[in-house]
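*Asks:* This is the structure I have questions about; it appears just below.
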Amino acid sequence: MSLFSELKRRSVFKVGGAYLVVTWVVIQVADTVAPQLSLPEWVPRFVTLLLLLGFPVALVLAWIFDVTPEGIRADTTTNGNRRVVAVGVVMAVAMAGWYWTRTDTGIGAAAEARSIAVLPFVNMSGDPDQEYFSDGISEEILNVLARAPDLRVAARTSSFAFKGENIEVPDIARALQVGMVLEGSVRKQDERVRITAQLIDAETGFHVWSESYDRDLEDIFAVQDEIAGAIGDELKIRVGGERASGATAVTVDPRAYDLYLKGLALWRTRTDQGLLEAVEDLEQAISIDQDFARAYGGLALVYSVLADYTPQISYEAAFGLGRDAGERALALDPTLPEAFAALGNIAVADGRKATGLALLERAISLSPSFASAHQWLGTGLVPAGRLSEGLAALERAYALDPRSIVVADNYATMLLVADRYEAAIEVCREPLEADTETWLCRNVDVMARLHEFGPEGARSSMMRWATRAGPGPERQAEEVLAALEGLGDAYAVARRIVGLPVRASTDPEAGVLFQLIEAPSLLVLLGQPELAYEYMERSAAQRYGFPDWGLVMPGVDPLRCEPRFRTLVERLGMVDPRFEQVCGGANVP
C-alpha cells in the first residue's frame, strides 16, 4: 500500500484539516479577547506557538491511533511508525524555527509595542486641489498622537512617503517599524467635513477600530482630538499630553485653517520658494484669525529655517520674526510644541545654546514623537561637546522619520564628527535615491567618501551631485578634485573658495557646490591652513549659518590643537567634541 493511501486510511488528512480550522478560530479569538481583558501582549503569541507545535503531534497521533466504533485503538501495524514520528519531530522543529524567525524579523518584534504610522487620508472631495486639506487633517491627527508619552509615532515625512503607492499595510508597517497603522478619507464640502478613520493592526491586517465623523469646519480641532482619543482608548494610552485649559474646545475660522494647512505643507518642502509662500499663507491665516495659536507656531517654524534656504532674508531678520511669532503662539497656547521647538532652534543658532537646548527639551516633553525637535536638539548638543547625547537624539529623530532628507542630512553630518563615515553614507543613501533634486545629504556623502577613501574614492559621488547641480558646481568639483590629486593649482582653487560669500550656497545662481560646513575641511585638505583660518574667522564674525559645524568636522583636525583654533572655538561659545580625542587633555568651554 502506498504512503498516500495509508495516510488516507488512517484519517491523517482529515485530522490535519480539522486541526487547522480549529487553530485558525482559536488564534482569532485569542487576538480579539486578549486586549479586551488587558492580558499581556505575549499571550496570543504563546497560544499561536502552542497550536503550531501541536499540529505535527496531532498528525503523529492520527497515524498511530485509529478511531473505531469500539473506541480509540492503537494501530498495531508498526510499518512506518518511526519514519512518521521522525517527520513529525522535524515539522515541529521547523514550525518553531519559522515562528521565532518570523517574530524576530516581523513587525511585532521590530516595532515598539505601542507605535503607529498615520498614512495620508484619501481626498474624497472630488477636487485635486483639496489634496493638501486631506493631507493636513492626517498630519494634525498625527501631531495630536505625537503628544502621547507612551506612543511612538512615525513622522509625517516618512509615513507620507507611501502616498499613492500600492503597498500593503504590513509592508508599510515593517518599513516604518510600527505596530499600528491609521488610514482614512476626508470629504470636504463648503463648511462641512466628513472624516472616516480606520485603525489597523499591522501584523494581521485586521481593522481594530473604525469610525466616521461629520462636523463643521469650525470644530475641526475637536474632531481631530476625538479621533486621537479613540485611538488612545484602543491602545490603552493617554493621548494629548499637556494642554492649555479649554484647548480641545478651540474653534478656528475655516479660511484661516485652510491657509494654515497650506503653509505647513509648504514648510515641509524646504525650498526657498516653498518657504516664502508658506510665510504668505500663514501670515494671511493670522490676519483672518488673530487668536490662531497654531498659525503663529507654524510661522515660527518657517522663520527658524528660512535663512538657511534663501538669501532673500537675513538671519537677523528671520530670527527676529520667528521669535515674535513663537512668543505670540505661546501666549495663546502655552503647550504648543512647535513654538518651543522653533524658539529653541533659533536660540541655538543665535549662540544661546543652553536656552535653546532647554526649549527643545520642553518641546519633546510635550510631543515625544516630534522628529524635528529631536533633530535640532541633537545638532545643538554636538557643538556643546555632548557628542554621544547629540547622536542619540539624532538617532531618535532618524528612527521617527527615516525618509526625511533633512533629518538624514543632519544625522549624517554629525556622524562625520564621530568618524563614522560609512554610517553617514548609509544614512543618506535611501533619502538621496528618493529625492534626486535636493542639495541636502549630497555634500555629506562626498565628505564622508573623501575622508574614508580619498579623492579617487569620492570622485564618482562628487561629480554625480555636481553635474545635477549645474555647470558652476560641476566646474568647481572638477577643480577641487584635480587640486586634491596634485594636478591643479591648490592655492588658486582654495582662494576662489575663500572669496565666495559665506551664504553663497543658499543662492542657486551662485554656482557653488560646497557650503560653509565643508569649506574649512576642504581648505585644509587642499593644504591651505592659513586660508582655512581666514574663512573660519570670517564665518565666526557673522555668527549665523552654523559656522560651529565647520569647526567640529574631522577635516580640520590638523588645526584643532592650535591656540588660534581654540580662540575661534571660544568665540563661538562651543565645547569642541573632538578636542580630547585629537589633542588630549581636558576639554573646557
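The values are calculated or read from the model by the stated rules, or taken from the named source; none is laboratory data. Predicted, not measured: the structure shown is a model, and the values here were computed from it. Reconstructed Cβ throughout: ideal geometry from the backbone, glycine too, with neighbour counts over all protein chains shown. Side chains are part of the model used for accessible areas, which takes the heavy atoms of the whole protein and leaves out ligands, DNA and RNA. Shrake-Rupley method; radii C 1.70, N 1.55, O 1.52, S 1.80 Å.
*Asks:* Could you order peptides 380-388, 464-472, 217-225, 175-183 by the average number of other Cβ atoms within 10 Å of their residues, highest first? Let's see the in-between values first.
*Replies:* Details: 380-388: 21.0, 464-472: 16.1, 217-225: 19.1, 175-183: 23.2.
Going from most to least packed, we get 175-183, 380-388, 217-225, 464-472.
*Asks:* Moving on to the next point. Lysines near LYS163 by alpha-carbon distance under 30 Å, same-chain residues fewer than 8 away left out - which ones?
*Replies:* Result set, ordered by chain and number: LYS188, LYS236, LYS262.
*Asks:* Along region 522-532, what does the Karplus equation 6.51 cos²θ - 1.76 cosθ + 1.60 (θ = phi - 60°) give for ³J(HN,Hα), rounded to whole Hz, x for Gly and Pro?
*Replies:* 4, 5, 5, 4, 7, x, 10, x, 5, 5, 4
*Asks:* What spacing in nm lies between the two simple spin-label points modelled at ASP214 and ARG255, each 7 Å away from Cα in the Cβ direction?
*Replies:* It is 2.7 nm.
*Asks:* If you don't mind, another one. Can you give the charge dipole size of region 307-352 about its Cα centre, rounded to the nearest 20 debye, using +1 on the beta carbon of Lys and Arg and -1 on the beta carbon of Asp and Glu?
*Replies:* Numbers: 3 positive and 7 negative charges, 12 e Å.
In debye, rounded to 20, region 307-352 gives about 60.
*Asks:* Taking only the alpha carbons of region 330-382, what extent do you get along each of the three principal axes, in Å, biggest first?
*Replies:* Taking the Cα atoms of region 330-382, the three principal extents are 30, 22, 12 Å.
*Asks:* Cβ under 10 Å from GLU537's Cβ, GLU537 left aside: what net charge do those residues give with Lys, Arg +1 and Asp, Glu -1? Working shown, then result.
*Replies:* Working: positive: ARG538, ARG564, ARG571; negative: GLU534.
That works out to +2.
*Asks:* Quote the accessible area belonging to LYS163 in square angstrom, nearest 10, computed with a 1.4 Å probe and with ligands, DNA and RNA left uncounted.
*Replies:* 70
*Asks:* Related question: Once you place label points 7 Å from the Cα toward the Cβ at GLU437 and VAL122, how far apart are they in nm?
*Replies:* 2.7
*Asks:* Further question: Express the carbon and sulfur contribution to the solvent-accessible surface of region 354-398 as a percent, rounded to the nearest whole number, probe 1.4 angstrom.
*Replies:* Details: 750 of 1380 Å².
C and S atoms contribute 54 percent here.
*Asks:* Mind ranking GLU485, GLU422 by accessible surface for me, highest first, 1.4 Å probe? List each step's numbers first, then the result.
*Replies:* On the way: GLU485 60, GLU422 115 Å².
These residues rank, largest area first, as GLU422, GLU485.
*Asks:* Using the heavy atoms of the protein chains alone and a 1.4 angstrom probe, what is the accessible area of region 394-439 per residue in square angstrom? List each step's numbers first, then the result.
*Replies:* Details: 1850 Å² over 46 residues.
Accessible area per residue, region 394-439: 40 Å².
*Asks:* Moving on. Please arrange HIS451, HIS207 by accessible surface area, largest first, computed with a 1.4 Å probe and ligands excluded. Don't skip to the answer; put the middle values down first.
*Replies:* Numbers: HIS451 50, HIS207 110 Å².
These residues rank, largest area first, as HIS207, HIS451.
*Asks:* Starting from the amide H of VAL208, placed 1.01 Å from N in the peptide plane, find each other amide H under 5 Å away whose residue is 5 or more places distant or on another chain.
*Replies:* Excluding prolines and chain starts, which carry no amide H, the hits are LEU199, ILE200, ASP201.
*Asks:* Pop out the carbon and sulfur fraction of the accessible area of region 400-446 as a percent, whole number, probe 1.4 Å.
*Replies:* Values: 720 of 1610 Å².
Accessible surface attributable to carbon and sulfur in region 400-446 totals 45 percent.
*Asks:* Okay, moving on. Quick one: putting +1 on the C-beta of Lys and Arg, -1 on the C-beta of Asp and Glu, what dipole do you get for region 330-458 around its Cα centre, in Debye to the nearest 20?
*Replies:* On the way: 10 positive and 18 negative charges, 96 e Å.
Magnitude of the dipole: close to 460 debye.
*Asks:* Please calculate the 1.4 Å probe accessible area of GLU165, with all protein chains present, and give it to the nearest 10 Å².
*Replies:* 110
*Asks:* At a probe radius of 1.4 Å, what is the per-residue accessible area of TYR296, in Å² to the nearest 10?
*Replies:* About 20 Å², rounded to the nearest 10.
*Asks:* Tabulate in residue order the Karplus-calculated ³J(HN,Hα) for region 292-298, using 6.51 cos²θ - 1.76 cosθ + 1.60 with θ = phi - 60°, rounded to whole Hz; enter x for Gly and Pro.
*Replies:* My calculation for region 292-298 gives 8, 4, 5, 5, 5, x, x Hz in order.
*Asks:* What full-extension length gain, to one decimal in nm, is calculated for GLN581 and ARG496 as 0.36 nm per residue of separation minus the Cα-Cα distance? Display every interim value, and only then the final one.
*Replies:* On the way: separation 85, 0.36 × 85 = 30.60 nm, distance 3.20 nm.
So the chain would gain 27.4 nm between GLN581 and ARG496.
*Asks:* Additional query: How much accessible area per residue does region 147-231 have, in Å², with a 1.4 Å probe? Working shown, then result.
*Replies:* Numbers: 3600 Å² over 85 residues.
I get 42 Å² per residue for this part.
*Asks:* Go through ALA408, VAL427, PRO383 and say which Cα lies farthest out towards the positive end of the charge dipole of region 382-459; charges sit on Cβ, +1 for Lys and Arg, -1 for Asp and Glu.
*Replies:* PRO383
*Asks:* A follow-up question, please. So, with a 1.4 angstrom probe, what is the percent of accessible area on region 124-264 that is carbon and sulfur?
*Replies:* Numbers: 2510 of 5890 Å².
That fraction is 43 percent.
*Asks:* Taking θ as phi - 60°, what are the ³J(HN,Hα) couplings along region 538-553 by the Karplus curve (6.51, -1.76, 1.60), each to the nearest whole Hz, with x for Gly and Pro?
*Replies:* Each residue's phi maps through the Karplus curve to give 5, 5, 5, 5, 8, 6, 7, x, 6, x, 5, 4, x, 7, 8, 6 Hz.
*Asks:* Efficiency by 1/(1 + (r/R0)^6): what FRET value for LYS236 and THR204, r their Cβ-Cβ distance, R0 = 25 Å, to the nearest 0.05? Kindly include the intermediate steps, with their values, before the conclusion.
*Replies:* Numbers: r = 18 Å, r/R0 = 0.72.
So the FRET efficiency works out to roughly 0.85.
*Asks:* Can you give me the C-alpha center-to-center distance between region 343-390 and region 137-210, rounded to a whole angstrom?
*Replies:* So the separation of the two Cα centres works out to 28 Å.
*Asks:* Here's a follow-up. Does region 320-425 come out rounded, prolate or oblate, given a ≥ b ≥ c as the square roots of the eigenvalues of its C-alpha gyration tensor, rounded meaning a/c under 1.5 and, failing that, prolate meaning a/b above b/c? Could you put the intermediate results ahead of the total?
*Replies:* Working: a/c = 2.32, a/b = 1.75, b/c = 1.33.
Cα axes put region 320-425 in the prolate bin.
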